[in-house]
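Read-outs: derived from the displayed coordinates by stated rules, not from any lab. This structure is a prediction, so every number in the text was calculated from the model and none was measured. Please note: Cβ atoms are built from the backbone with ideal geometry, for glycine as well, and neighbour counts cover all protein chains shown.
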Amino acid sequence: MRNRASTKPQILVVDDEPDNLDLLYRTFRRDYKVLRADNGPDALELLSQQDEEVAVIISDQRMPTMSGTELLSLTAVQYPNTIRIILTGYTDVEDLVDAINAGKVFKYVTKPWDADNLREIVKQALDTHNVLRVRTEELRRSLRRESLLNTVTNAIRNYQYGSGGDSPLRDVLQRIVDTVGQVLEIDICLLRPIENNDLTDQWYVYQKSDLVSLQEDNGSPSLELTVWQTFDTQVIHDVTSDQSLTQTTAALQDRVKAFQSANIASSLIVPLIVQSKLVAVLGLHRCGGAIPWEDDVISITGMVADQAALAISQARSYEKIQALAKREALINTITSAIRSTLEPQAIFRAITKQLGQALGVEGCALSLWTKEDQYVQCVGLYDSQREPDQEIENPIALPQSVARISENPVLQQLLTTLKPVVLEDLAEHQNIQGHDLPLSHPAKALLVVPLIVDGDLIGSISLKQNEGSRRWLKEDIELTQAVASQAAIAVQQARLYEKTCQQAEQLRENEARVKQLNTYLTESVLKRFLPQAMVDKAATGELVLDLSPEPRLVTILFSDIVGFTPLSNKLGPRKIAELLNEYLEAMTQAVFSNGGTVDKFIGDAVLALFGSPEELSPEEQATRAIAVARAMYKALNVLNEKWTEKGIIGQNDINPIQFRCGIHQGNAVVGMFGGGQRSDYTAIGPAVNMAARLQEAANPTKILVSETVAQYLDPREIIEQKELHLKGIEENVMGYFVKVE
């Protein structure tokens, strides 16, 4: 049993982030053989080691050493058949335009990507890779065959293609009858090609210069009736007595009349067969008197027929190859146009112009519409009568459909069958009259091919002929269908680009709004523990807030209301809440007014920091801390007067509010502590604990500071000093009482 894994196409995924690389691998490993690399140089090395061709490369844009566009630019040169896809963020879209315009990148996918969408894009890329590979191989084989056929044909009849005429096949057919007629000295030599197992309406004739003209009288049977379809050589020595011409059917009677009208006496009907396939029938006629056909003439004619059949087969193959090459060149031109620009109108103009000129039509229109639309929207137009400098670039100026889609039989047929509508002569289709497609002049012949995406019709390409009917050849239809497939890709790409631009613009707008919101939220949060001047500096970048926990020398101020619990019991929850909010607001303002940071509120206690996040000298920290403490005492005096006037204090044994205040300077770990759901900016360590213990030992009428703070104060500010035994502190410490005023 064949190893299934060996049949998987190879793709290469490149990303410097292991998670993304693993995700890409798991996304595609079932359907593809996935190669992985985490940087550009390794990817190039990996590509050089592969025996099989890598079909698709998916690369991240932002990578160290080598960016995605640099990597894909190198692979575009070394591995031109490999389809290249890049993964990027919206902010990188403009950076990719040059790469896309240069044809280095097939498509880009924005992060975060949708797995299903990415699989579909990779499938499209693989399909494109397979089509290019098959077409290249097919063209290579065809060109080899053409070379062989040219060699054989030139040896047979010394004919060089391209020496004259617009159709090698017609030149070959005419050359055959001329050569056979002249070499074998035949009066009339007539050849009728066979296509689709039937004689064509075209026929080629040679006659001797001294023979009466073969121009027929009105009503006379056509000379073409003297040649008919056969697989065996038929020798007619005497037309008047041959058994095959004595039957009384209407067809045979017309054939006999045709012989008589051309004065044909004897004939040789020779099939031209290649590989058991009848390609043409050759008629050799002698006029005047019946002359029996010699065996050597019959034999030579058979050999000539073999050579002629080979020449015809060669000419037909040549024309097919030319059509294929023309088709491939056109497809490549259109594909290059699609890859070279992201401007939809430029792509649509290129498609209609290239296709219209390739098929020599007078008009080519590309229209977008679906079964839900009322009218078609013409987005690309080629008009052979329009001067090059008069090309329509504004889509608003393009002609629109003159009839509703629901009333247009051509478009309804497209919707029903999803297959090309071929109309060689509109005069034979009266139901089409008045329902012309969006073309500048009424058409006489029409070919309409659907644009299909995922089984749904999204538009059509219309080709028209103004002057007379036109036989739309199979290769014309196939070429238009191939172009329609490319056009459908272009439509998808244009719509994706437009959507991406809109999303990028929305993202920029959202980012601006988020930035404003972040600024608002940041300032709102910072205002809760920093003074306004510091908030303003942080917003403008003058103050860098590194909130990661780190050791810092800081000064800590701890204050606490004296007898807060009994006070709460006397005032009750509502009044104590009102009083506490006013108190904390005033204390916060006192801290902010003197350049401090509010660390937190612990019930009625206030913890303030100096030296973080704003860096201050130890002396400045101590100075500000004393200033804050005095401002707090002053603010409390104002509050007590206010509360006395309101009757909150001074009655029911409620005395004026007092607080104790302790200040210490020392090393602490300062920063954000907590988790993703809840965090707090604070200081921890023995220095904080020391400030709290000093507060507990303080007198409500004095500020108690440690020795490290006192050393920065004017000695005149210190009222007294004494040795203190603080709770939780093993050794006694010196405390210094500072004036409140």
Checklist outcome for this item: Ratio for the range 610-741, C-alpha Rg to 2.2 N^0.38 Å, reads 1.21
Item to check | Separation in nanometres of the label points that stand 7 Å from Cα toward Cβ, at LYS371 and SER593 | outcome: 7.8
Checklist outcome for this item: From the Cα centre of the range 247-315 to that of the range 551-576, the distance in Å is 123
Item to check | Integer Hz, Karplus 6.51/-1.76/1.60 couplings in order for the range 609-620, x for Gly and Pro | outcome: 10, 9, x, 7, x, 7, 6, 9, 5, x, 5, 5
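For the range 546-738, what is the charge dipole size about the Cα centre, in debye to the nearest 20, if Lys and Arg each add +1 at the Cβ and Asp and Glu each add -1 at the Cβ?
I would put it at about 600 debye.
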Checklist entry - How do the peptides 721-730, 20-29, 608-617 rank, highest first, by the average count of neighbouring beta carbon atoms within 10 Å per residue? => result 608-617, 20-29, 721-730
Checklist outcome for this item: With label points set 7 Å from each Cα along the Cα-to-Cβ direction at LEU184 and ASN732, the distance between them in nm comes to 14.2
Checklist entry - What ranking, highest mean first, results for peptides 682-694, 252-264 when packing means the other Cβ atoms within 10 Å averaged over each residue? => result 682-694, 252-264
Checklist entry - Across the range 696-705, in residue order, what do the Karplus-derived ³J(HN,Hα) couplings come to in whole Hz, using 6.51 cos²θ - 1.76 cosθ + 1.60 with θ = phi - 60° and x for Gly and Pro? => result 5, 8, 7, 8, x, 9, 9, 9, 9, 10
Checklist outcome for this item: Relative contact order of the range 546-738 (C-alpha contacts under 8 Å, at least 6 apart) in percent is 25
Checklist entry - If you place +1 on the Cβ of every Lys and Arg, -1 on the Cβ of every Asp and Glu, and leave all else neutral, what size is the dipole of the range 4-137 about its Cα centre, to the nearest 20 Debye? => result 620
Item to check | 5 angstrom amide H check on LEU87, placed H, neighbours 5+ away | outcome: SER59, ASP60, GLN61, VAL109
Checklist outcome for this item: Toy charge model, Lys and Arg Cβ at +1, Asp and Glu Cβ at -1: the range 162-324 dipole around Cα centroid in debye, rounded to 20, equals 300
Checklist outcome for this item: Given backbone amide H placed at 1.01 Å from N, residues whose amide H is under 5 Å from that of GLY380, ignoring those fewer than 5 places away on the same chain, are LEU366
Item to check | Cα coordinate range in the range 162-324, projected on the principal axes (Å, largest first) | outcome: 48, 38, 33
Next on the checklist: Just to be sure I understand the curve: with the Debye formula and one point per C-alpha of the range 654-719, what is log10 I(q)/I(0) at q = 0.19, 0.28 Å⁻¹?
Outcome noted: -0.82, -1.16
Checklist outcome for this item: Residues whose built amide H sits under 5 Å from the amide H of ASN466, excluding neighbours closer than 5 in sequence, are GLU362, LYS444
Checklist entry - Sorted by average packing, counted as other Cβ atoms within 10 angstrom per residue and highest first, what order do 371-382, 464-475 take? => result 371-382, 464-475
Checklist entry - Per-residue HN-Hα couplings for the range 174-185, Karplus 6.51 cos²θ - 1.76 cosθ + 1.60 at θ = phi - 60°, whole Hz, x for Gly and Pro? => result 5, 5, 4, 5, 5, 5, 4, x, 6, 5, 8, 6
Next on the checklist: Using the basic label-point model (7 angstrom from Cα toward the beta carbon), what is the GLU582 to GLU120 distance in nanometres?
Outcome noted: 6.7
